[in-house]
């Protein structure tokens with residue numbers, strides 16, 4: 001059944017009709033990307049990679065497969081039989097026998113994911129939260145960044161409609177899974193509410209407790225924009241620019257370590273050359289109908305100052321971005337819960353005001369790649385217990401479970417608390433509960449070996 005250009009499939013799943021319509025037009029010879037479109041795409045991706053390599057930056061391009069290809073079993077039979085991959089049909093061959101390492105088209109990976117968990121929202125063209133997490137996992141792996149993204153999020157249920165539901169003017173929602181950060185310290189600045197549409201959208205996300213101390217610049221559409229929240233757990237600064245083009249002025253301004261560009265597969269129906277681009281950063285400069293907030297403008301100015309006016313960037317960051325509760329010389333920055341209160345300016349002494357004080361170290365895995373023994377030297381005002389958690393996963397994705405932890409007694413006075421970890425286990429982050437009783441303690445030193 002079709003209504004308002006939306007296909008209503010099995011069990012009420014919704015699909016944009018463009019997939020079937022484009023396939024029909026292709027078969028009729030009226031909508032196949034031209035040779036110029038295909039060459040523009042090949043040249044764009046290749047030139048971007050070569051530019052980034054020559055400037056010491058990593059680069060990756062992601063083509064997001066369309067929903068009808070991943071979840072075709074949900075389509076009416078007549079439509080399911082018509083679906084074919086536009087990328088595979090028209091673009092894959094121009095790169096030879098294998099796609100280059102800097103180009104990702106994760107169709108098979110999403111199909112495999114969807115056989116276990118829903119890769120797309122039911123009433124939306126976009127990936128589900130689980131699908132987005134899967135894409136981020138692929139991006140991190142391709143960039144050679146050692147991490148297991150699943151461990152940084154907790155699943156929760158929510159009601160969701162979406163862009164296809166809006167097209168049907170339906171108020172119906174579906175039960176979906178969402179992901180909450182276990183370390184909710186990222187801060188987002190977005191100019192979308194000051195624009196007439198989504199053209200020239202810029203999003204800035206900063207996180208002082210990100211896993212990697214790296215800057216990421218992203219060019220793309222709403223599909224990669226939907227991944228920004230998940231990506232923010234892993235990159236200290238993210239600047240997203242909604243654009244199909246690679247913009248060298250933005251690269252120069254923002255001085256990223258890594259650049260990711262992306263597009264939804266449906267936009268491959270026509271591809272323009274990067275040489276025809278315009279500056280998104282300056283697109284609205286001086287426009288009377290564009291009045292972004294001071295908060296966004298300050299964030300943009302600070303990010304553009306990173307390379308040549310670093311003191312301004314640092315000053316902005318110190319005023320606006322949540323800081324770690326504690327920074328350990330071995331394990332890196334730590335997020336602390338409300339049961340830990342700093343009691344001195346050195347931020348190494350804390351008051352435990354409950355039974356479950358927590359320090360979560362998101363970068364601990366970088367220190368524990370080869371070392372599997374860790375010790376904390378602590379001075380405590382009371383007797384108690386401490387507990388070290390290393391990640392395991394329960395059915396809702398929570399990574400810190402009692403069966404995956406080690407406990408030691410804490411005595412009043414000075415303690416050296418030594419934990420021997422499983423050498424066969426990857427440990428990207430840890431949680432340390434230093435004193436499971438009210439009292440005051442000081443972390444004197446930390447060792448890993």
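Return the residues of the stretch 313-344 that are within 26 Å of residue 253 (Cβ to Cβ) and over 21 Å from the mean Cα position of the chain (by Cα); say none if nothing qualifies. 313, 314, 315, 316, 318, 319 - these are the residues of the stretch 313-344 that are within 26 Å of residue 253 (Cβ to Cβ) and over 21 Å from the mean Cα position of the chain (by Cα). If the condition is being under 18 Å from residue 377 (Cβ atoms) and not in a loop (DSSP other than H, G, I, E, B), then the stretch 343-363 contributes 349, 350, 352, 359, 361.
Quick check on the stretch 192-201. Is at least one of its residues more than 30 Å from residue 430 (Cβ to Cβ) and surrounded by 19 or more Cβ atoms within 10 Å (Cβ to Cβ)? Steps first, answer last, please.
Keep residues of the stretch 192-201 that are more than 30 Å from residue 430 (Cβ to Cβ), which gives 192-201.
Retained after the next criterion (residues that are surrounded by 19 or more Cβ atoms within 10 Å (Cβ to Cβ)): 200-201.
Yes, the stretch 192-201 has at least one match.
A count restricted to the stretch 413-432 and to residues that are crowded, with 18+ Cβ neighbours inside 10 Å and more than 12 Å from residue 378 (Cβ to Cβ) stands at 6. The single condition among (1) within 13 Å of the chain's Cα centre (by Cα); (2) not in a loop (DSSP other than H, G, I, E, B) that residue 249 does not meet is (1).
For the condition surrounded by 23 or more Cβ atoms within 10 Å (Cβ to Cβ) and either closer than 24 Å to residue 392 by Cα or at pLDDT 95 or above (or both), residue 135 qualifies. Out of 51, 123, one residue alone is under 25 Å from the mean Cα position of the chain (by Cα) and modelled with pLDDT under 95. It is 123.
Can you confirm whether the stretch 305-323 contains a residue that is assigned by TED's automatic domain parsing to the domain that holds residue 251 and closer than 21 Å to residue 59 by Cα? Scanning the stretch 305-323, I find at least one residue that is assigned by TED's automatic domain parsing to the domain that holds residue 251 and closer than 21 Å to residue 59 by Cα, so the answer is yes. Residues in the stretch 228-236 include at least one that is in contact (Cβ under 8 Å) with a residue 24 or more places away in the chain, in contact with a strand residue (DSSP E or B) (Cβ under 8 Å, 6 or more places away or on another chain), closer than 19 Å to residue 305 by Cβ and crowded, with 21+ Cβ neighbours inside 10 Å. Taking the condition within 29 Å of residue 150 (Cα to Cα) and surrounded by 17 or more Cβ atoms within 10 Å (Cβ to Cβ), does residue 325 pass? The answer is yes for residue 325.
Table: residues versus (1) within 30 Å of residue 120 (Cα to Cα); (2) in the same structural domain as residue 185 (by TED's automatic domain parsing); (3) assigned to a strand (DSSP E or B); (4) out of contact with any helix residue (DSSP H, G or I) (no Cβ under 6 Å at 6 or more places or on another chain).
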| site | (1), (2), (3), (4) |
| --- | --- |
| 240 | yes, yes, yes, no |
| 244 | yes, yes, no, yes |
| 268 | yes, yes, no, no |
| 279 | no, yes, no, no |
| 288 | no, yes, no, yes |
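Name the single residue that is farthest from residue 154 (Cα to Cα) among those in the stretch 382-394 being crowded, with 16+ Cβ neighbours inside 10 Å and touching a strand residue (DSSP E or B) at 6+ places or on another chain (Cβ under 7 Å). Full working, then the answer.
Taking the stretch 382-394 and keeping what is crowded, with 16+ Cβ neighbours inside 10 Å, we get 384, 386-391.
Restricting the remaining residues to those that are touching a strand residue (DSSP E or B) at 6+ places or on another chain (Cβ under 7 Å) gives 384, 386-390.
Details: 384: 29, 386: 23, 387: 21, 388: 19, 389: 16, 390: 15 Å.
Ranking the candidates gives 384 first.
So how many residues does the stretch 252-265 have that are assigned to a helix (DSSP H, G or I) and surrounded by fewer than 19 Cβ atoms within 10 Å (Cβ to Cβ)?
First, pick out the residues of the stretch 252-265 that are assigned to a helix (DSSP H, G or I): 252-254, 265.
From the residues that got through so far, the ones that are surrounded by fewer than 19 Cβ atoms within 10 Å (Cβ to Cβ) too are 252.
So the answer is 1.
For residue 366, state whether it is part of a strand (DSSP E or B) and either buried (at least 16 other Cβ atoms within 10 Å of the Cβ) or touching a helix residue (DSSP H, G or I) at 6+ places or on another chain (Cβ under 7 Å) (or both). Answer is no for this residue.
Tell me, which residue of the stretch 55-85 that is free of Cβ contacts under 8 Å to residues at least 24 places away in the same chain and in contact with a helix residue (DSSP H, G or I) (Cβ under 8 Å, 6 or more places away or on another chain) is nearest to residue 258 (Cα to Cα)?
From the stretch 55-85, those free of Cβ contacts under 8 Å to residues at least 24 places away in the same chain are 56, 72, 77-78, 80-81; that's our starting set.
From what is left, the residues that are in contact with a helix residue (DSSP H, G or I) (Cβ under 8 Å, 6 or more places away or on another chain) are 72, 80.
Working: 72: 34, 80: 38 Å.
Filtering the stretch 55-85 for residues that are free of Cβ contacts under 8 Å to residues at least 24 places away in the same chain and in contact with a helix residue (DSSP H, G or I) (Cβ under 8 Å, 6 or more places away or on another chain), the one nearest to residue 258 (Cα to Cα) comes out as 72.
Restricting attention to the stretch 395-405, which residues are under 22 Å from residue 384 (Cβ atoms) and buried (at least 16 other Cβ atoms within 10 Å of the Cβ)?
Answer for the stretch 395-405, where residues must be under 22 Å from residue 384 (Cβ atoms) and buried (at least 16 other Cβ atoms within 10 Å of the Cβ): 400, 404, 405.
The values are calculated or read from the model by the stated rules, or taken from the named source; none is laboratory data. Just so we're clear, the structure is a prediction, and the values are computed from it rather than from any experiment. Cβ: placed from backbone, ideal geometry, glycine included. Neighbour counts: every protein chain shown.
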